[in-house]
1. Sort the range 67-112 into rounded, prolate or oblate with this rule: let a ≥ b ≥ c be the square roots of the eigenvalues of the Cα gyration tensor; rounded if a/c is under 1.5, and if a/c is not under 1.5, prolate when a/b is larger than b/c, oblate otherwise.
2. Note the full-extension length gain between residue 20 and residue 110 as 0.36 nm times their separation in residues minus their Cα-Cα distance, in nm to one decimal.
3. Given a Förster radius of 22 Å and the C-beta distance between residue 7 and residue 52 as r, what FRET efficiency does 1/(1 + (r/R0)^6) yield to the nearest 0.05?
4. Report the paramagnetic label zone for residue 77: residues of the range 35-55 whose backbone N is under 13 Å from a point 7 Å from Cα along the Cα-to-Cβ axis.
5. Pick from 31, 72, 46: which residue has the top mean-square fluctuation in a GNM of the chain where Cα pairs under 10 Å get a spring?
6. Hey, of (1) 6.4; (2) 28.3; (3) 8.2, which did the structure itself give for mean projected area of the Cα convex hull in nm² when calculated?
């Protein structure tokens, strides 16, 4: 298992879409399972996850669990999906009128 991308208090401005959050060493992954965990600062933030250009999640809402406490993988798993070998892309969209933040982890577990 490797963390493909992660951030704490990643901010997305009002009405904006982030750049791709998956860069560097783990941008291209082997066949396996992708898991996405997130803890948003408020309601409204959405995410899009792609594997080789195929949509795994398209503008899906990041559930709001409250702003207190820390992110726990057991409690904040939003998506678990089998993926083919190839490129992963992760974008966040904020359709609200104020900046929102998210703590997130995108991990990959290789399978045969």
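1. oblate
2. 30.2 nm
3. 0.45
4. Residues 35-38 qualify, since their backbone N sits under 13 Å from the label point.
5. Most flexible of the set in this elastic network: 72.
6. Checking each listed value against the structure points to (1).
Readers should treat all values here as calculations from the given coordinates under stated rules, not as data from a laboratory. Treat the numbers as computed from the prediction; the structure is a model and nothing was measured. Glycine also receives a Cβ, built like all others from the backbone with ideal geometry; neighbour counts cover every protein chain displayed.
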